[in-house]
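Step one of this worksheet: look at the structure below.
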Amino acid sequence: MNIKQRRATVRIYRHGLGDCHLVTLYGKEGATYRILIDCGVIIGTSDATKMMTDVLEDVRKESGDNIDLLVATHKHWDHLSGFMQAKNAFSKLNVSEVWMAWTEDPDDKQASELRKDNDEALAMLQSAAMRLQMDAPDIEHPLLELLGFFGASARITTQSALEAVRNKSSNVRYCDPEDKPHDLKSFGAKIYVLGPPRDEARLRNMNAPKTPGDKTTYKMALDAFNQYLTPAINEDESHLPFSRPYNIPTQVAQTVPFFQEHYWNQQDWRRIDDAWLDDATSLALQLDNVVNNTSLVLGIELNEGDVLLFAADAQVGNWLSWGDRKWTDQNGTEVTGPDLLHRTVFYKVGHHGSPNATGRECGIDLMVNLAIAVVPVDHEMALKRKWGDLPFKTLMDALDQATKTRGYTLRTDQPPSNISLSRGLRSDPLYFEIDF
Ligand SMILES: [Zn+2]
């Protein structure tokens, strides 16, 4: 690609398990349009504050403190933490416009209902987590990992990070896929909103392994939780298996030789004191996925029709909904979702390379012009935080296959391949950078 004719540059930060991207569009006479999409890293990252400060200081330097468009894709810590952790650097950025998904619009009725459901589930899960930590202060449990997406502490929450973004500009747009594409004429670009979908069935379709999703799945889990676990948390005696005089608290049992011998050390498998948390854990997983599915998905169309696709952490229902998208531009030309996928040359891989966050038939198979796929991931951290074996190997193989003739597939946790460098990638310890 010829530097003189470049239309856009994408800088992908390599700061860990999380997303932060700076997109620069070029206009006439050196004019630039800067888009910052997300800025966060997973909870438990060592030196997160320093890391995110380095990232935002680099954004400041590169942009001259001027961001035209700041995008918060969805309400998860690994996408928003930097706005809190690097408060100082963030405060120095001038932001002209903020975009979020319609799901964050305080005046949207459907969004308010969705948020109410999510907040209720989160409140219950937090009390379950509190109970768990009271019983066993040092416990590592998947529920606690899953709740980490909602913030570092009671005061520094993902919600507060979102508010920090919202307060950055008086010009806040809540993006809806029904909206007309945003025409940046002087930069030869148009931005399309592909998701999140308005359709509830699609919005609730997360394809979680145990409960192939539809509208009822999440709700059913919530009901089960209410029925069985709320009484357990609230210690209503009529719901306890044994009356109170016969209860032995876990911490006491741990000091009794009989229990020590039969229920701890090699005998842990006998214990069922956390069994009630299994439902809570599956609900927490679904809550995380439902929030992932509210991801704001943007397609940035450049001159000559090439598309840069930023899928955030969209799950399968979000992907499926793009198949129905249709927009008509000022000239009466129709553009569809599949059409944008067909013209996608750059794909920011969804949800750190997890198995259910990239469409196959409704995604990669349609991206016949894909040149570059980038996976923001940190394999070791994903294992440590019990996200599983990310990035998913079958997906990586498909991406390699799709990109190998025109470009390459990159992981932010690995050094760049020779082929990527020979095909124009710029590599720095802090970021990768690609021109289009
Ligand atoms: Zn994420």
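Rule-based calculations on the coordinates, nothing more; no lab input. Quick caveat, the model's predicted, so the values are computed rather than measured. Don't worry about glycine lacking a Cβ; one is built from the backbone with ideal geometry, like all the others, and counts go over all protein chains shown.
Here are the numbers for this structure:
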quantity	calculated
Within the chain, percent of DSSP bridges classed antiparallel, to nearest 5	60 percent
Three-way shape label, region 373-429, alpha-carbon gyration tensor, a/c 1.5	oblate
Exposure proxy ranking, count of Cβ atoms within 10 Å, fewest first, for TRP327, TRP102, TRP77	TRP327, TRP102, TRP77
Cα-based helix-to-principal-axis angle, 109-135 vs the chain, degrees rounded to 10	40 degrees
Virtual spin-label span in nm between SER417 and GLU140, 7 Å along Cα→Cβ	3.2 nm
Vicinal HN-Hα couplings computed from phi for region 388-397 (Karplus, 6.51 cos²θ - 1.76 cosθ + 1.60; Hz; Gly/Pro x)	x, 7, 9, x, 5, 4, 4, 5, 4, 4
Ranked list, fewest to most other Cβ atoms within 10 Å of each Cβ, for CYS39, CYS362, CYS175	CYS362, CYS175, CYS39
Region 324-436: relative contact order in percent, alpha carbon pairs under 8 Å with at least 6 residues between	21 percent
For region 159-176, 3J(HN,Hα) per residue [Karplus equation, 6.51 cos²θ - 1.76 cosθ + 1.60, θ = phi - 60°, Hz, x = Gly/Pro]	4, 5, 5, 5, 5, 4, 5, 4, 7, 6, 8, 7, 9, 10, 10, 9, 7, 10
Spin-label proximity, LYS28 to region 48-86 - amide N less than 17 Å from point 7 Å beyond Cα toward beta carbon	none
Distant-in-sequence amide H partners of LEU410 (H built 1.01 Å from N, under 5 Å)	ALA373, VAL374, VAL375
Given LYS28/LYS92; LYS61/LYS326; LYS185/LYS326, the pairs whose alpha carbons are separated by over 32 Å	LYS61/LYS326
Nonlocal amide H pairs with ARG173, under 5 Å, H built at 1.01 Å	VAL98, TRP99, MET100
0 to 90° range, to nearest 10: angle between helix 215-224 axis and the chain longest Cα axis	20 degrees
Translational D in µm²/s for the chain (Stokes-Einstein at 10 °C, 1.306 mPa s, Kirkwood Rh from C-alpha pairs)	69 µm²/s
Footprinting exposure proxy for PHE150, PHE259 (fewest neighbouring C-beta atoms within 10 Å first)	PHE259, PHE150
Per-residue [θ]222 nm for the chain (sum of -39500 (n - 2.57) over DSSP H runs n ≥ 4, rounded to 500)	-9500 deg cm²/dmol
Acute angle (nearest 10 degrees) that the helix 48-63 long axis makes with the longest principal axis of the chain, alpha-carbon atoms	10 degrees
For the chain, cysteines whose Cβ has no other cysteine Cβ within reach (under 4.7 Å)	CYS175, CYS362
Segment LYS92-GLN5, length gained on full extension (0.36 nm per residue, minus Cα span)	28.2 nm
Inter-site label distance for ASP400 and THR255 at 7 Å from Cα along Cβ, in nm	5.7 nm
Estimated distance in nm for a label pair at ASN66 and GLU380, the labels positioned 7 Å out from Cα along Cα-to-Cβ	4.1 nm
Amide H contacts under 5 Å for ASN369, placed H, 5+ residues apart	THR344
Three-way shape call for region 43-193 based on the alpha-carbon gyration tensor, with the a/c threshold at 1.5	oblate
Whole-Hz couplings from phi, Karplus 6.51/-1.76/1.60, listed for region 82-98; x for Gly and Pro	x, 5, 9, 5, 10, 3, 4, 4, 4, 5, 8, 7, 8, 10, 7, 8, 10
Tensor-based shape of region 297-436 (alpha-carbon gyration tensor, a/c under 1.5 rounded, otherwise prolate or oblate)	oblate
GNM top mover of ASP306, ASP135, ASP378 - the chain, alpha-carbon springs below 10 Å	ASP135
Rg(Cα) / (2.2 N^0.38 Å) computed for region 1-106, rounded to two decimals	1.09
